[in-house]
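S.K.: Below you'll find the structure I mean.
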Amino acid sequence: MFVVVFKTASGSVHRFLQNKEIMTRLMKLLDSPSVMLRAKTYLALCAAFEVQVPLLGQCCDARLVSYVERDVRLCAGAEDYQPLLAYLHQCLDTLVAFVCQQVLTISDEILLALDAVCGRKHPNSAQAKQLRATLPLLPVVTQAAGSATFRQRLVSRRFGRRVQRLVEFSVSVDSGATSLADAIGKRGALARGFLRLPQGKRAPVKVCRKFNGQILTSYGFSRRSFLV
């Protein structure tokens, strides 16, 4: 029912989705022991993201990627064909494909916004507005790239170039050549260090490894991955 309602994309649907409690309740359904309920929830989330892309960032903060990886492992670990798990797999595939497409779109929009302010200390109001609209979605890019489930669909030369440009912008911000503080506020994570990646043994760190003149990341990508 939620999927049908969300697909209408009317003004009332937009207002409905602005209620944070709705998305919170949907995310809680992913803790349900019911496979069918979780599968339907993934479809509902996908439909909601189509209506309002910023909701994707909100749900990633609420561990959406972890839930997806858990259920992908569940489907992969099934020894015999089970209709419910097959349906769950289809729903997951729909969501993952949509999110990966949005990751590419989001990264393009972020790069466009950053291109406009590169080398500037004080972005104008229009540029600041664009930064505030796009930069909060950067964690969607990093979380998807850090997940094996999403990464296998994202890895390509094209995506590698996007990551390289984001890292180059991070160098510009860290060096002080570009300032984002006025645009997104001193409390913004990106203003304090732009593209600060999580540390740890299995974390996607060592951002600035150079290979054939390109900056690669160790999100688990192999060198060959960037030649696809």
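S.K.: Pick from 46, 60, 100, 91: which is crowded, with 16+ Cβ neighbours inside 10 Å, in contact (Cβ under 8 Å) with a residue 24 or more places away in the chain and either among the charged types (D, E, K, R) or within 30 Å of residue 177 (Cβ to Cβ) (or both)?
M.R.: Numbers: 46 fails: either among the charged types (D, E, K, R) or within 30 Å of residue 177 (Cβ to Cβ) (or both); 100 fails: either among the charged types (D, E, K, R) or within 30 Å of residue 177 (Cβ to Cβ) (or both); 91 fails: either among the charged types (D, E, K, R) or within 30 Å of residue 177 (Cβ to Cβ) (or both).
After ruling out the rest, the residue left standing is 60.
S.K.: Follow-up question, since we're still on this one. If residue 151 passes every condition in (1) surrounded by fewer than 21 Cβ atoms within 10 Å (Cβ to Cβ); (2) in contact (Cβ under 8 Å) with a residue 40 or more places away in the chain; (3) over 24 Å from residue 58 (Cβ atoms) but one, which one does it miss?
M.R.: Of everything listed in (1) surrounded by fewer than 21 Cβ atoms within 10 Å (Cβ to Cβ); (2) in contact (Cβ under 8 Å) with a residue 40 or more places away in the chain; (3) over 24 Å from residue 58 (Cβ atoms), residue 151 misses just condition (3).
S.K.: Would a scan of the stretch 109-130 turn up a residue that is surrounded by fewer than 21 Cβ atoms within 10 Å (Cβ to Cβ), β-branched (Val, Ile, Thr) and in a helix (DSSP H, G or I)?
M.R.: Checked the stretch 109-130: no residue is surrounded by fewer than 21 Cβ atoms within 10 Å (Cβ to Cβ), β-branched (Val, Ile, Thr) and in a helix (DSSP H, G or I).
S.K.: Name the pairs whose Cβ atoms lie under 7 Å apart, with the first residue in the stretch 72-85 and assigned to a helix (DSSP H, G or I), the second open to solvent by 80 Å² or more (accessible area, probe 1.4 Å), and 6 or more positions between them or separate chains?
M.R.: The qualifying pairs are 75/89.
S.K.: Hey, another quick one. What are the residues in the stretch 147-172 that are among the β-branched types (Val, Ile, Thr), in a helix (DSSP H, G or I) and either at pLDDT below 85 or in contact with a strand residue (DSSP E or B) (Cβ under 7 Å, 6 or more places away or on another chain) (or both), if any? Outline the logic, then answer.
M.R.: To start, the set of residues in the stretch 147-172 that are among the β-branched types (Val, Ile, Thr) comprises 149, 155, 163, 167, 171.
Then drop every residue that is not in a helix (DSSP H, G or I), which leaves 149, 163, 167, 171.
If the condition is that a residue be among the β-branched types (Val, Ile, Thr), in a helix (DSSP H, G or I) and either at pLDDT below 85 or in contact with a strand residue (DSSP E or B) (Cβ under 7 Å, 6 or more places away or on another chain) (or both), then 163, 167, 171 are the ones that fit.
The values are calculated or read from the model by the stated rules, or taken from the named source; none is laboratory data. What you are looking at is a predicted structure, and each value in this text was computed from that prediction instead of being measured. Here Cβ is always computed from backbone atoms with ideal geometry, including for glycine, and neighbour counts include all displayed protein chains. To get the accessible areas, we keep the full protein, side chains included, count just its heavy atoms, and leave off ligands, DNA and RNA. Shrake-Rupley method; radii C 1.70, N 1.55, O 1.52, S 1.80 Å.
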